[in-house]
Amino acid sequence: MECKRDHVSGRAAGDHRAQRSHRVGFTNNGADVLDLYIETFNPANPDEYRVNGKWKKADVYDEVIKVKGAPDEHMRLVVTRHGPVLQNEGDKAYAMRWTALEPGGLANSYNWLGKRKIGNNFAK
């Protein structure tokens, strides 16, 4: 099979760059790359969670989501040392740690894909 033109293909979750493809592919299947942590939040101060028996302030962000033809939506994002909080249940919350968000994770893993040249430099 011969590829006569470049085309945009899929991309890894969290990677903002389009992946140009010419008989090149990658997958994120099989590896254990995600952990969920149960965090205990302070009932007296909902922005604090327990770390080694002490209360630590979580990072809190106001994420603005632009909606065409409508007012902006605001989403409160709470991030612990393990990652963003996905769900709260009373004083407990589930935080997600994903290897792609770690230093040197996804941002550096696929840099070579964004720098490669398309053309006759691929092995046939």
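The values are calculated or read from the model by the stated rules, or taken from the named source; none is laboratory data. Here the structure is a predicted model, which means the values were calculated and not measured. With ideal geometry, Cβ positions are generated from the backbone for all residues, glycine too; neighbour counts draw on all protein chains shown.
Numbers at a glance
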item	result
Residue check for ALA100: at pLDDT below 90 and either more than 25 Å from ASN45 (Cβ to Cβ) or outside any helix (DSSP H, G or I) (or both)	yes
Failed condition for ASP32, given (1) surrounded by fewer than 11 Cβ atoms within 10 Å (Cβ to Cβ); (2) over 20 Å from TRP98 (Cα atoms)	(2)
Single residue of segment 51-75 satisfying the filter (exposed (fewer than 10 other Cβ atoms within 10 Å of the Cβ) and among the basic types (Lys, Arg)) that is nearest to TYR37 (Cα to Cα)	LYS54
Where a residue in segment 31-42 is without any contact (Cβ under 8 Å) to a residue 60 or more places away in the chain and its partner, wherever it lies, is among the acidic types (Asp, Glu) and not in a strand (DSSP E or B), with Cβ under 7 Å and at least six apart	THR40/ASP91; PHE41/ASP91
Counted residues, segment 43-78 - those being in contact (Cβ under 8 Å) with a residue 40 or more places away in the chain and either under 22 Å from PRO103 (Cα atoms) or touching a strand residue (DSSP E or B) at 6+ places or on another chain (Cβ under 6 Å) (or both)	1
